[in-house]
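Let me begin by presenting the structure, written as structure tokens, before commenting on it.
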Amino acid sequence: QVQLVESGGGLVQPGGSLRLSCAASGSIFSIGARNWYRQAPGNQRELVATITGGGSTIYADSVKGRFTISRDNAKNTVWLQMNSLKPEDTAVYYCNADILKHGTRDLEGYWGQGTQVTVSS
């Protein structure tokens, strides 16, 4: 019973900001890399941002300089701060994490339920 719950999506005007949150809960021993993906209608799911277990970050070129990924390991929570939003940022955003459960030797990938971000005037 490990789950990732996302929140923070919504409707914003171009140039606005949103902060997405993804909290992991359950029988978690440790969490490795954490990622944010997004998928717009008709498009493939794309990787937006990654924060590794060591804290290194990487961003898609389309969001670099506007989005920031961060985490609080004590709370098993990762955020995606999105500034200067554009209509092309409209998508369902999904968080993803590599998790080692208590009593398990192997990491497993988990996904949040997705949260809708709509950027429109």
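The values are calculated or read from the model by the stated rules, or taken from the named source; none is laboratory data. Please read these numbers as outputs of a predicted model, since none were measured by experiment. When we count neighbours, we look across all protein chains shown, and the Cβ atoms used for this are built from the backbone with ideal geometry, even at glycine. The area values use the complete protein model at the heavy-atom level, side chains included, leaving out ligands, DNA and RNA. Shrake-Rupley method; radii C 1.70, N 1.55, O 1.52, S 1.80 Å.
Listing for the model above:
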quantity: Count of segment 59-77 residues which are within 17 Å of Gly26 (Cα to Cα) and in contact (Cβ under 8 Å) with a residue 12 or more places away in the chain; calculated: 4
quantity: Residue count, segment 40-75 (criterion: in contact with a Gly (Cβ under 9 Å, 6 or more places away or on another chain) and in a loop (DSSP other than H, G, I, E, B)); calculated: 2
quantity: Some residue of segment 30-39 being in contact (Cβ under 8 Å) with a residue 12 or more places away in the chain, closer than 17 Å to Leu4 by Cα and part of a loop (DSSP other than H, G, I, E, B); calculated: no
quantity: Those residues of segment 9-48 which are open to solvent by 70 Å² or more (accessible area, probe 1.4 Å) and in contact with a Ser or Thr (Cβ under 8 Å, 6 or more places away or on another chain), in sequence order; calculated: Leu11, Gln13, Phe29
quantity: Residue list for segment 85-108, restricted to those being farther than 24 Å from Val12 by Cα, among the β-branched types (Val, Ile, Thr) and open to solvent by 30 Å² or more (accessible area, probe 1.4 Å); calculated: Thr104
quantity: Enumeration of residues in segment 66-84 that are open to solvent by 70 Å² or more (accessible area, probe 1.4 Å) and basic (Lys, Arg); calculated: Lys75
quantity: Residue in segment 89-111 that is assigned to a helix (DSSP H, G or I), modelled with pLDDT of 95 or more and over 13 Å from Val2 (Cβ atoms) present; calculated: yes
